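Structure, as structure tokens:
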Amino acid sequence: DAGVTQSPTHLIKTRGQHVTLRCSPISGHKSVSWYQQVLGQGPQFIFQYYEKEERGRGNFPDRFSARQFPNYSSELNVNALLLGDSALYLCASSLGVTGGVKNQPQHFGDGTRLSIL
Amino acid sequence: AQRVTQPEKLLSVFKGAPVELKCNYSYSGSPELFWYVQYSRQRLQLLLRHISRESIKGFTADLNKGETSFHLKKPFAQEEDSAMYYCALSLKQFYFGTGTSLTVIP
């Protein structure tokens, strides 16, 4: 089992650019969540998708968007990048939607390290 | 407001000593709580969940609804326990604490 895979591992962008991050969930998992982790903080929830539909959104601006594909993989898009978007972006997968199935954990990928210059 | 609070950013203990990593949560209902661990150069991984009431790698965590706490404990710390530990609360989304970096001194 390859686990959750994310690409790319590192990315350097400049302010104002846009970025697309990709995630493949564990086989059989239908839900994908995205988190932002800045240095010294825990992961902050951005989105959750289940069966291609958005099922939760954190407190992030509209510059952040995501989608999920029929094979359950997912993309996170960030437009008009700001210096403050520099962070580790984590993808996590689970069998079902958070709050739907009791006590199911999130399984994390290694993350994409995004640096904004 | 923070849903999950981990008051200690850094914690150092000697090998063989007991260790307790504190976690307090903010939720009035029946919580779903988890501990995650991140070893050096590895991904964030599930350590244990309160519903399982099991011991993983010698760690246990007891839910105390009265104190809204879910502290992680191990009676005898080992060097390989050195890692970053995150407490998490699952509601409609996951809320993570800021983490505690545990160092076990040989």
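Go ahead and run the numbers for FRET between A:ARG15 and B:TYR39, Cβ-Cβ distance against an R0 of 45 Å, rounding to 0.05.
Values: r = 34 Å, r/R0 = 0.76.
For A:ARG15 and B:TYR39, the calculated efficiency is 0.85.
Averaged over peptide B:90-101, how many Cβ atoms belonging to another chain are found within 10 Å of each residue's Cβ? Could you put the intermediate results ahead of the total?
Numbers: counts 8, 3, 8, 15, 15, 5, 8, 3, 3, 5, 0, 1.
If you average over the peptide's residues, the count of other-chain Cβ atoms is 6.
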Inset, instruction - Using the Karplus curve 6.51 cos²θ - 1.76 cosθ + 1.60 with θ = phi - 60°, work out ³J(HN,Hα) for each residue of region A:67-83 in order, rounded to whole Hz, and write x for Gly and Pro. - result: 7, 10, 9, x, 8, 6, 5, 9, 10, 10, 10, 10, 9, 6, 4, 10, 4
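Tell me which GluC sites (Glu not before Pro) from region B:47-106 have a DSSP coil assignment and no more than 15 other beta carbons within 10 Å of their own. Show your work: numbers first, answer last.
Numbers: sites: B:GLU54, B:GLU67, B:GLU79, B:GLU80; in loops: B:GLU54, B:GLU67.
Within region B:47-106, the qualifying GluC sites (Glu not before Pro) (loop, at most 15 other Cβ atoms within 10 Å) are B:GLU54, B:GLU67.
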Legend entry - Amide proton proximity set for A:GLY3, modelled H, under 5 Å, gap of 5+: A:SER27
Legend entry - 3J(HN,Hα) from dihedral phi, region B:22-35, Karplus parametrisation 6.51/-1.76/1.60, rounded to Hz, x for glycine, proline: 8, 8, 10, 10, 10, 5, 8, x, 7, x, 10, 10, 9, 10
Inset, instruction - Please work out the Cα center distance from region B:1-20 to region B:86-106, rounded to the nearest Å. - result: 9
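Residue by residue through A:101-113, how many Cβ atoms from other chains fall within 10 Å of the Cβ on average?
Mean partner shielding for this stretch: 4.
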Inset, instruction - Apply 1/(1 + (r/R0)^6) to the Cβ-Cβ distance of B:GLU67 and A:PHE69, taking R0 = 30 Å, and write down the FRET efficiency to the nearest 0.05. - result: 0.10
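Ignoring the sites themselves, what is the longest stretch of chain A with no trypsin sites (Lys or Arg not before Pro) in a DSSP loop and at most 15 other beta-carbon atoms within 10 Å?
On the way: sites that count: A:ARG15, A:LYS52, A:ARG63, A:LYS102.
Within chain A, the longest run free of exposed trypsin sites (Lys or Arg not before Pro) spans A:64-101.
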Inset, instruction - Treat each spin label as a single point 7 Å out from the Cα along the C-beta direction, and report the B:GLU20 to B:PHE76 distance in nm. - result: 2.0
Inset, instruction - Find the relative contact order for region B:1-93 and round it to a whole percent, using C-alpha pairs within less than 8 Å whose residues are 6+ positions apart. - result: 37
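Values in this text are rule-based calculations from the coordinates and carry no lab data. Everything numeric here is computed off the predicted structure, so don't read it as measured data. For neighbour counting, all protein chains shown are included, and Cβ atoms are generated from backbone atoms with ideal geometry for every residue, glycine included.
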